[in-house]
Each structure stands twice: as structure tokens, then as C-alpha cells.
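Read the figures in this text as sums done on the coordinates, not as results from a lab. As the structure is a computational prediction, the values presented were derived from the model and not from experiment. We place every Cβ from the backbone using ideal geometry, glycine too, and count neighbours over all the protein chains shown.
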Amino acid sequence: MAPLAEQLAALGLRYTAAHLDDVVALATKRRWSLTQLLEHLVETEQQERTRCSLERRLARSRIGRFTPMSDFDWAWPKRIDRAAVEAVIRLDFLAEARNVVLVAAPGLGNTMIAQSIAHAAVLAGTHVLFTTAAQLLLDLGGQDSTRGRARRLTHYATRGLLLLDEIGYLSYDTRAADLLFQVITRRYEKRSLVLTTNLAFSDWPTIFPNAGSAIALIDRLVHHAEIITIDGDSYRRRVAEATRKPPRPASES
């Protein structure tokens, strides 16, 4: 069977090649016709290719480990539009290349929601990339040549869905603001962008080199966008306080 398995693998039927003995035994046991055998081979190969494709997209998406939305405490935020969050996780915005902007203070779940959107998009067959604004700018700014930078800009511009986490945690100089603007402009009205930020748009001029660059970015982002604002106290801080051990009583003399 070894030469046959090698030939099957060379034709791209890798799953059948790897399980050839089992396939032959199953076909013999069930007395399949040639048509039934071919149908089985096609079905198993398609299933395996779908599985491998999903694994590759998940690995390339860089979503990482995340808490599923089934564990999200909807009662904790003081203000959250649950219907809007569930709509973006259903990917209602993707078909029209709309953006999603999640505005929340740290610890309120905006990164968790963004990761859930990314995961849903991968399952739907979309090529996804999840990264922080800092990582993106470090990558673009670290390119040694104009050609190299252009290739990386194309990389970020052409992902089916790009998710930029943590806009507003650091200030940006003119070069960083320009690179971020180029990424957003190249995706504008072509492909969706999901962005999380801890700052209201009115505060963006405080992290960009001038008000003009902030206004230009905001203009591109919100023209076709779902903006979801979450208000409340940090969920992580609540968990930390709940798990904190009570102080030990002073020893009696």
C-alpha cells in the first residue's frame, strides 16, 4: 500500500493517504460500491481540508486565548448596548465594509469583545489579524526600507478583517500617526476594521501630535462605523477585590 499512499499524497489527497488502510478496511467491511467509496473519499478530504484551513486561519489571526462571550457579565457595566454587541459578533457589519469602534475604560471587556468578533470571523472563513496598535506601529516603523514598509502596509490593508487593540494607551509622534493613518485610509470603504480605545473621540487630540491628524483619523473611522460605548468600573478590579484575602487580625497580647 506504500506506493499507492505516496501517489495519493502527491495528488494532494493527504488524509486518504495517511488513513489508506482504514479506508480500505471500512470499504471492504461495508461492501461499498466504487461510487460509495469515491463519495466517502471526497467527503473526508473536504472535512480535513476545512479543518486544516480553520486551524491555519486561527493561527494566523493571532487572537490568542480569550474568554468566550458566554462568560461575559452583562450586568456589570453601568451602560452597554447588548443588542449592538451581539450584532457585531454576528458580523452584520462585514458585508458593507463597516467599522466597529469599542470605547471603554480598561477592564470593561472591549478587548474580549474584539477577540470574540475575530473568532467569529475566522469561523466564517474570513482572514483575520488581531494586533495591538503598538505592535502594528512597531512593525511598520521597524522596516528598514520604503519597499519593506510598503509590503507591510499592504499586509495590514488586505486582511479580510483587521482588529486594532488599545488605541489611546500611548501617545503617537508624527511618524506613528502617519503610519496609522495610512493603514486606516487603505482599508477605508474596502475592508472592515475593529478598533478598541479607552478614550472618547474628544480626547484623541491629547495622544496625537496635532488636532488635525486626530480629526483625519476619526473622520475615516466613523464615516461607516458602529460605535459601542461601555461605561462602568473595571471588572478585573472587582475580581481582584473579591479574591483578596481579608487582613489577619492582630495577635492578642
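Mind checking which of LEU153, THR206, MET69 is farthest towards the positive end of the chain's charge dipole, using Cβ charges of +1 (Lys, Arg) and -1 (Asp, Glu) about the Cα centre?
Checked the options; the winner is LEU153.
Principal axis extents for the range 139-191, Cα atoms only, whole Å, descending order, please.
27, 27, 14
Between the range 169-223 and the range 46-95, what is the separation of their alpha carbon centroids in Å?
24 Å
Taking 37 °C and 0.692 mPa s as the conditions, I'd like the Stokes-Einstein D for the range 1-142 in µm²/s, using the Kirkwood hydrodynamic radius from alpha carbon pairs.
Taking Rh from Cα pairs, D becomes 173 µm²/s.
Which number do you get for Rg(Cα) / (2.2 N^0.38 Å) in the range 76-205?
The value comes to 1.06.
Using the Kirkwood radius built from alpha carbon pairs, what does the Stokes-Einstein equation give as D for the range 180-228 at 37 °C and 0.692 mPa s, in µm² per second?
Here the translational diffusion coefficient equals 289 µm²/s.
Would you mind listing how long the chain runs along its three principal axes, going by Cα atoms, in whole Å with the largest first?
75, 69, 39
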